[in-house]
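J.: Can you read through this structure? Questions will come right after.
The values are calculated or read from the model by the stated rules, or taken from the named source; none is laboratory data. These numbers were taken from a predicted model, which means no experiment stands behind them. Don't worry about glycine lacking a Cβ; one is built from the backbone with ideal geometry, like all the others, and counts go over all protein chains shown.
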Amino acid sequence: MRKIKNIKILWKFSDETGNYEVNMSTLAVKAAGCVIALFFVFSILWALIDTAVDEGKYSGDAYHLDWCEREYIDRGYHELYDTLDLYRLTSDKYALYWEMVNGYRDHTLYDAYRALGETGIDEVSYETENGTATLSIPVEEKRVFYGRKVLDNASTCEFEENQRYLTKFADEVE
């Protein structure tokens, strides 16, 4: 058996200066590197174009309305409140969402004061760190106050989409 020693595949070119040779394996590695580099460049270019299209499509009110609608459908009212408050979305376009967020807030506060009352706590007091001011909140009074707000929200609902959930909140009020 004969051993095959270094096999060199070369391309020979000639020009005005004379002959020169190009090693085939080096050429193949360089060509593969160029193809991979082109793939990365085109994929980055594609991502940039896609991002630019999304930025154009979702800017301003269209983006905010889409985001609010998603949170509204998922009933993520605390995230919806964060979005409305963070971007100061107070126009009439967002009234549906504000009505639901405010109703949810009132219901949550009612539940918190009801739970405090059930544990036997009659009053909640807060004091500043240096002791200069004290705030006392009567639990039963706040429970009744927020209970009335929840009932009022259900009876004065402006948007039909919110009626079902606001009524459900009102049914939980004792």
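J.: So which residues in region 106-136 are in contact (Cβ under 8 Å) with a residue 12 or more places away in the chain and touching a Phe, Trp or Tyr at 6+ places or on another chain (Cβ under 7 Å), if there are any at all?
T.: ASP106, HIS107, LEU109, TYR110, TYR113
J.: Taking region 59-100 only, how many residues are surrounded by fewer than 13 Cβ atoms within 10 Å (Cβ to Cβ) and either touching a Gly at 6+ places or on another chain (Cβ under 9 Å) or of a type in the set (Ser, Thr, Tyr) (or both)?
T.: Residues meeting the conditions: 3.
A quick yes/no check of all residues on (1) buried (at least 18 other Cβ atoms within 10 Å of the Cβ); (2) modelled with pLDDT under 85; (3) closer than 21 Å to ASP152 by Cβ:
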site: ASN102; (1), (2), (3): no, no, yes
site: LEU109; (1), (2), (3): no, no, yes
site: SER125; (1), (2), (3): no, yes, no
site: THR128; (1), (2), (3): no, yes, no
site: VAL139; (1), (2), (3): yes, no, yes
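J.: Is region 151-169 home to any residue that is farther than 30 Å from GLU69 by Cα, in contact (Cβ under 8 Å) with a residue 24 or more places away in the chain and assigned to a helix (DSSP H, G or I)?
T.: The answer is no, given that none of the residues of region 151-169 is farther than 30 Å from GLU69 by Cα, in contact (Cβ under 8 Å) with a residue 24 or more places away in the chain and assigned to a helix (DSSP H, G or I).
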